[in-house]
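Only one structure is covered here, and it is reproduced in the block below.
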Amino acid sequence: MNRFARPLFAAAVVLVCCAARTDPSPPERVAVGPYQVQMAEQGSGRYTVLFESGFGTGMDTWRKVAPEVAASAHVLTYSRAGHGSSDARPEPRTILQSSEELDQLVASRKLKPPFILVGHSYGGLLARAFAVRHPDQVAGIVLVDPADERFNPALRRLDPKRALDDDRQFDALVPDRFRAELKLLQPVLDAGKLPAPLDGRLPDVPVVVLTSVQQVEKPMFFLQSVEAVAIKRDLHADFLRQFSDGSQVQTLKSGHNIQQEEPELVIAAVRKVIGAAGRRAAQGMP
């Protein structure tokens, strides 16, 4: 879905030695309340790594990352309602409702913290929502070219017409089954601020943000322009200022789907956060 992922990012913003690889577990459908959810667990370790996929994508997006991370940690990947082979829910999902799906799955699987959260694109907003609501359970965060709620307003200030053109092109590409969810999400992205309680303070844990700064010779969308990429890069850097241990990894090689194009960057970022979290725990830091 690469062609879909780039305009999707506009709406969503609307990011040691390698251990031996473990064999990935095949995905299964498990009961979470009255619904079936596609998920997979693999690996073991002190930390459980929870992966949140981008808007319109399922757990398969992590296929190049999760098995490597599972060499030294317990890993959970899943597809949200209506994605992959997970049952759809009766109503379109808000950010909070989608994040609460992860709560339900964690409880169903009896997963215990500390958790490391990994979110791509829109999944970055969901990872943040989980962390705001469960700060004592989160030991670290990795965001892969994440959505930033300030991005759309910034593009509109820079060039209202080109930003509007992006919205129109994106709307034409969104599959029908995701339109109702996007309709709930769009006002949040246009407002530039997350609703309460998701706008609360994040825990001060180790954080890595991966940012695509790839330059496209002939951009299809305004968000691919040099100016827009610079805004995204700076917003990601500004987001990190709230953490005492935050770092940004920029890549020119990958587009929005860093986890598929340069999975080694995501794997290294997760391992870095796990290592930092372990050192903090050894020092008695929260």
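Here is how the numbers come out for the structure above:
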quantity	calculated
Separation in nanometres of the label points that stand 7 Å from Cα toward Cβ, at S247 and A88	4.3 nm
J(HN,Hα) series, region 163-176, from Karplus relation 6.51 cos²θ - 1.76 cosθ + 1.60, nearest Hz, glycine and proline x	5, 5, 4, 4, 4, 5, 5, 5, 4, 6, 9, 5, x, 4
Computed E for E227/R201 - FRET, C-beta separation, R0 41 angstrom, nearest 0.05	0.85
Net length gained if the chain between Q283 and E217 were fully extended (0.36 nm per residue, minus Cα distance)	18.9 nm
Region 198-279, dipole about Cα centre (Lys/Arg Cβ +1, Asp/Glu Cβ -1), debye to the nearest 20	180 debye
Whole-percent carbon and sulfur share, accessible surface of region 42-177, 1.4 Å	50 percent
The chain, accessible area per residue, ligands and nucleic acids excluded (1.4 Å, Å²)	43 Å²
Note, ³J(HN,Hα) from phi for region 212-227, Karplus 6.51, -1.76, 1.60, rounded to Hz, x at Gly and Pro	7, 10, 4, 9, 9, 4, 10, x, 7, 10, 4, 5, 8, 5, 4, 5
Calculated FRET value between Q36 and D165, using beta carbons and R₀ = 30 Å, to 0.05	0.15
FRET efficiency, E264 to A237 (Cβ-Cβ, R0 25 Å, nearest 0.05)	0.70
Backbone HN-Hα couplings from phi across region 229-237 [Karplus 6.51/-1.76/1.60, Hz, Gly and Pro as x]	4, 5, 4, 4, 4, 6, 5, 4, 5
Filter on K112/K272; K218/K253; K112/K253; K183/K253 - keep pairs with C-alpha separation over 26 Å	K112/K253; K183/K253
Selected from F178, G192, Y78, residue furthest toward positive end of dipole (region 74-211; charges at beta carbon)	Y78
Residues with amide H under 5 Å from that of V138, placed H, sequence gap 5 or more	F115
Burial ranking of peptide ranges 101-111, 70-80, 128-138 (average Cβ count within 10 Å, highest at the top)	70-80, 128-138, 101-111
Amide H partners (placed H, <5 Å) of Q36, local residues excluded	D87
Percent of Cα-Cα distances greater than 36 Å, calculated over the chain	9 percent
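The values are calculated or read from the model by the stated rules, or taken from the named source; none is laboratory data. As the structure is a prediction and not an experimental result, all values here were calculated from the model. Cβ sites come from the backbone with ideal geometry, for glycine too, and all protein chains shown count toward neighbours. Accessible surface areas use protein heavy atoms only, side chains included; no ligands, DNA or RNA. Shrake-Rupley method; radii C 1.70, N 1.55, O 1.52, S 1.80 Å.
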